[in-house]
1. Any idea what the alpha-carbon Rg over 2.2 N^0.38 Å comes to for segment 45-115?
2. Taking 30 Å as R0, compute the FRET efficiency from the Cβ-Cβ separation of K4 and V330 and round it to 0.05.
3. Let me check something: with ligands and nucleic acids excluded, how do E135, E126, E70 order by accessible area (1.4 Å probe), largest to smallest?
4. Can you give the calculated 222 nm mean residue ellipticity of the chain, where each DSSP H run of n ≥ 4 adds -39,500 (n - 2.57) and the sum is split over every residue, rounded to the nearest 500 deg cm²/dmol?
5. What's the Kirkwood radius of the chain in Å, using all Cα pairs?
6. Sticking to Cα atoms, compute the Rg of segment 308-408 to one decimal and its Dmax as the biggest Cα-Cα distance, whole number, in Å.
7. By accessible area of protein heavy atoms, probe 1.4 Å, what ranking do M201, M361 get, highest first?
8. Using θ = phi - 60° and the Karplus form 6.51 cos²θ - 1.76 cosθ + 1.60, what ³J(HN,Hα) does each residue of segment 23-29 get, whole Hz, x for Gly and Pro?
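The values are calculated or read from the model by the stated rules, or taken from the named source; none is laboratory data. Note that this is a predicted model, so its numbers are computed, not measured. Because the Cβ atoms are built from the backbone with ideal geometry, glycine has one as well, and the counts that use them run over all protein chains shown. Note: accessible area is taken over every heavy atom of the protein model, side chains too, but ligands, DNA and RNA are not part of it. Shrake-Rupley method; radii C 1.70, N 1.55, O 1.52, S 1.80 Å.
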Amino acid sequence: MLIKYEFLKILRKKSTMIVMAVSLLLTAFLFGLPILQFQTYNQDGVIKGSEGIAYEKEQYQNVSVPITDEYVEKTITEYQKLFENSDNVGYDGNEKFLIGDAYWNFVAPREDLLNTIASVYDSYGENSGLNKLPELDLTDGARFYQARNEKIESLLNTPSRNLSAEQKAYWRNMNGKVEMPLQYGYHEGWTVIMTSFELLMFALLAVCIVIAPVFSGEYQAGTDAVILSGKYGKTKLVTAKIIASLLFGVLAFTLHVVVAFGLPLAAFGADGWNLPLQIAGTTIPYPFTFLQAALINLSVIYLVLIAVIGLTLLLSAKLKTPYLVLTVLVPVLFLPLFLSPNGTTGVYNLTLFLLPYRATMPEIGKYISYQIGGTVFDAWSVRAILYAVLTAVMLPLAGLGFKKHQVA
């Protein structure tokens, strides 16, 4: 009954309704922007909105194929042959490229796939796009997956990464679990989701704004003396407040997630949920599909959410007003927004990747690793462990802070 009462107390506040409504509208706007801004092209010009999405899906039908060495060789050979006809070739003074029907009939329907293939043959750090394909030597075949492995080795051995032997072995082992050949296909909806997770920070902030008065609001209203002198004021009521806050936070955040995921998947479709992450970046080491990666990252974000709720409650128990709580909390949540990593190693970078804002970002292609002794962990694992531990520390401290509060 106490939990129900405290939950309804949070839910029925006018400020709760206002904050949640504004937050949901902001989430809908941010995750809806890629839909509103989407456009593609054909020979007649720009195609926007639902018509453009339908056109792009149609283009993908002929390129939803396994990327085998044989397919890669055949595709590159066809691409190279088009350059033999001078009528198909344009030149801007620096590079040659296909134009006219050669472009619209061959390149345009499979441009993303061609770029994916071409990226494997670039050296690590190089991004030459389709310019790599016309000059590619296919005498010994495409050797697509051999080239991918060589590129990954080059990445692992880059001096600036300063990876230990154990870290290199960890990533080689993970890469070895990626299923070959890669299956290519349409995945626009999942691309939007995987590149937009950090936008959920505004939903997380909204939850914190609502929860900030749970303890400090009692101080502000002068009801703390009554509560703490009551029979269950320092026992069951404190626990009820914490559980109600967690329950509200998880439910409210889940509503935002439904909106955030629902909009792009409704507009672009759920196609591609079972496709490998490597079609979005061939050197990505994680052996997961888009759906699996999205769920793993979302699970980590929920752990961040619960830990931040714990921090909010702790601050609420220690500070006199909700405004002071938010004064401390907002910089903690959004300061990393203004900080950029300059690599993937070193205390600064490894710490930055663990802060709340950065912890919402999948960072699936960066080979971020943490080593304790001979044991190596990836970013997802460390984030999950860290925020689980913080939750276990913050929530009891929040309850203890309120129990020990000295009534004025």
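1. 1.25
2. Using R0 = 30 Å, I get an efficiency of 0.50.
3. From most exposed to least exposed: E135, E70, E126.
4. -19000 deg cm²/dmol
5. Final number for the Kirkwood radius of the chain is 24.3 Å.
6. So, for segment 308-408, Rg and Dmax equal 16.3, 54 Å respectively.
7. Sorted descending by solvent-accessible area, the residues read M361, M201.
8. 5, 5, 5, 5, 4, 4, 5
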